[in-house]
Amino acid sequence: MQVSAFRIFFQTGAWLVIAFLVLPILVVLPISFTDTSYIGLPKEGLSLQHYANYFSDPDWLGATWTSVWVGLVVATCASALGTAFAIGCWFLSDRAAMVARWVLITPILVPPVVQSLGFYRFWVKLGLIDTHVGVILAHTLLALPYVSISVFAALTNLDRNLPRAARSLGASVMQTVWAVVVPAARPGIATGFIFAFIVSFDEIVGVLFITVRNVQTLPKMIWEGIQDNIDPTIAAVATLLIALTLLATAIGVLRRS
Amino acid sequence: MPRINEKVSYWMLVLPALTIMVCFYILPVLGIWEIAFTEPETGLGNFVKMAESNAVKTSFVITFRVAAITTVGCLILGYIVAYAISNFASRLTPLMVALVILPFWVSVLIRSFSWIVLLGRSGLVNDALIHAGMIERPLRLMHNELGVLIAMIHVMLPFAVLPMLTNMRGISGIYVQAARSLGASEWTSFRQVYFPQTLPGVLSGALLVFVLSLGFFVTPALLGGGRVLMISEYITYQIQEFLNWGLGSALSVALLVATALVLLISARFVNLRATLLERK
């Protein structure tokens, strides 16, 4: 078949757009190896000083550790709550359950600054400002929509006769949920867990409002770094995070194929 | 009797998540409404002040303009990618999909930082242009609307591509083949047969990008450098600089209402359930 102008337009256009999506993210790579003390390309040669700075600075390392463990706690809580929620709604499948599902996804629609103001005022009343519990609670709420959406998506293919069969053979509701529905929802739970972790790990606006000095997360360190002085350590951190993302994506793709 | 019992146990699964969402999320957001009408004094004072302020008006205009341009940009660029992925099968197609999804997993903060590095006064783009002798003095590429738009389109693009991809995957090639065999040119069959079938995906993508852009904070704040004050940044400005909780909350209410209106109006054209509740 002859290659038409139409085809060439979409084919090259698509690659140009993908280049626009991917290449800008990669600029942090050369910057992170710069031998200068400011953001710029390497002058005389490559240097690992900014990586050394990251790995020897207790502030950066502490913030990273906080983000990781808070993210894991959030992912666990949100997965447990969100999975139970989606399974319950799947069984009910009535108007009330539909309303409940819409309520649970409101955090996707409300602008981050607006919800953060809400959190701030409420957390002040509860004494949760600048505490890890406060951050975990806020992030769990923000992660719940993603868990419930992905678990629900996994359940759409589940045959409703399977839990019915389990029930008629004498299993209790909870036994049915645990032995029949949860295994079917597992891929959705896994996706939801990863989503929830990322939501928490990347979240910045809420953290800016509800924490002061006691709780430092990685996004907050990056935010403050960009605001105050642009230090190439941020580029080193960004490169490490992008490398991790690439690695995780590659593993995901390989495992699927 | 057992039926009712069963329903109760399903609600027991639903309630924990629903309860904490209502108590710790819905109530705090509603609390913002209360502040807007009560601080510093009860009444509509904050809203009157808001309506009279030219700065607020400008900020709303900027917000809607940036959101609209971002949406159009994302739709055009996203459509091209989604079309190529769905219609030209090749060995590289999985790679294309992976490269579209990859930026999704990189934090918005880092993506914005990359654009600061590129577009800054002594950023890589300006440096390269000066070295090449194409310009003498650095161009202003950020701390203005241009910079905000470039970075916003970059950040929002995957949100436009994914619903369009889902939609295009479900379109059968038979109709375009029929049009072509009846003598329509490639372009005509695309315009009259293929494109109308993709409209649901396009509208879903448009809605997602527009709603998310309206309330976006991080990228406009970093790339705008205080010169492109979108509503979200204006709110934080009122609260952090002036401790003006009343006006800040009134603006939040206005932003919430604007978002809700966009959703309500778009519900006539877009399947909200498929776009928001059942997205992949």
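Here's the yes/no breakdown for (1) in contact with a Pro (Cβ under 8 Å, 6 or more places away or on another chain); (2) open to solvent by less than 30 Å² (accessible area, probe 1.4 Å); (3) of a type outside the set (A, V, I, L, M):
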position: A:Ile87; (1), (2), (3): no, yes, no
position: A:Ala100; (1), (2), (3): no, yes, no
position: A:Tyr120; (1), (2), (3): no, no, yes
position: A:Lys125; (1), (2), (3): no, no, yes
position: A:His139; (1), (2), (3): no, yes, yes
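Selection within region B:159-175: residues that are farther than 19 Å from B:Leu75 by Cβ and in a helix (DSSP H, G or I). The member of this set that is most open to solvent (accessible area, probe 1.4 Å) is B:Tyr175.
Going residue by residue through region B:256-279, is there one that turns out to be out of contact with any Phe, Trp or Tyr (no Cβ under 6 Å at 6 or more places or on another chain), of a type in the set (Phe, Trp, Tyr) and closer than 20 Å to B:Thr42 by Cβ? Don't jump to the end; show me each part of the working.
First, pick out the residues of region B:256-279 that are out of contact with any Phe, Trp or Tyr (no Cβ under 6 Å at 6 or more places or on another chain): B:256-279.
Subsequent filtering for residues that are of a type in the set (Phe, Trp, Tyr) retains B:269.
Narrowing the set further to residues that are closer than 20 Å to B:Thr42 by Cβ leaves none.
Looking for residues that are out of contact with any Phe, Trp or Tyr (no Cβ under 6 Å at 6 or more places or on another chain), of a type in the set (Phe, Trp, Tyr) and closer than 20 Å to B:Thr42 by Cβ, one finds none in region B:256-279, hence no.
If B:Gln240 passes every condition in (1) in contact with a Ser or Thr (Cβ under 8 Å, 6 or more places away or on another chain); (2) under 30 Å from B:Leu118 (Cα atoms) but one, which one does it miss? Of (1) in contact with a Ser or Thr (Cβ under 8 Å, 6 or more places away or on another chain); (2) under 30 Å from B:Leu118 (Cα atoms), only one is false for B:Gln240: (1). Among the residues making up region A:102-118, those that are open to solvent by 10 Å² or more (accessible area, probe 1.4 Å) and farther than 30 Å from B:Lys7 by Cα are A:Val110, A:Pro112, A:Gln115. Mind listing just one residue for me: the one in region B:185-229 that is within 28 Å of B:Val253 (Cβ to Cβ) and of a type in the set (Phe, Trp, Tyr) and, of those, nearest to the other protein chains (Cβ to nearest Cβ)? Here the residue is B:Phe217. Within region A:156-177, the set of residues being surrounded by 12 or more Cβ atoms within 10 Å (Cβ to Cβ) and over 19 Å from B:Val8 (Cα atoms) comprises A:Leu158, A:Leu162, A:Ala165.
Screening A:Thr211 with (1) buried (at least 20 other Cβ atoms within 10 Å of the Cβ); (2) under 20 Å from B:Pro103 (Cα atoms) gives one miss only, at (2). Residue count for region B:242-266, restricted to those that are farther than 17 Å from A:Val110 by Cα and more than 10 Å from chain A (Cβ to nearest Cβ): 5.
A count restricted to region B:19-42 and to residues that are surrounded by fewer than 19 Cβ atoms within 10 Å (Cβ to Cβ) and aromatic (Phe, Trp, Tyr) stands at 2.
Of all residues in region B:20-45, those being within 14 Å of chain A (Cβ to nearest Cβ) and either within 28 Å of the chain's Cα centre (by Cα) or outside any helix (DSSP H, G or I) (or both) number 18. Among the residues in region B:125-139, are any in contact with a Leu (Cβ under 7 Å, 6 or more places away or on another chain), at pLDDT 95 or above and open to solvent by less than 30 Å² (accessible area, probe 1.4 Å)? No; the residues of region B:125-139 include none that is in contact with a Leu (Cβ under 7 Å, 6 or more places away or on another chain), at pLDDT 95 or above and open to solvent by less than 30 Å² (accessible area, probe 1.4 Å). Among all residues of region A:13-32, there is none that is more than 13 Å from every other protein chain (Cβ to nearest Cβ) and in a helix (DSSP H, G or I). If you go through region B:50-72 and keep only what is open to solvent by 20 Å² or more (accessible area, probe 1.4 Å) and touching a helix residue (DSSP H, G or I) at 6+ places or on another chain (Cβ under 6 Å), you end up with B:Met50, B:Ile69.
Per the listing A:Val133, A:Val180, the residue uniquely under 30 Å from B:Thr236 (Cβ atoms), open to solvent by 30 Å² or more (accessible area, probe 1.4 Å) and assigned to a helix (DSSP H, G or I) is A:Val133.
The values are calculated or read from the model by the stated rules, or taken from the named source; none is laboratory data. All of these numbers come straight from a predicted model, not from anything done at the bench. Here the Cβ is made from the backbone with ideal geometry for all residues, glycine too, and neighbour counts use every protein chain on show. With ligands, DNA and RNA removed, areas are computed over all heavy atoms of the protein, side chains included. Shrake-Rupley method; radii C 1.70, N 1.55, O 1.52, S 1.80 Å.
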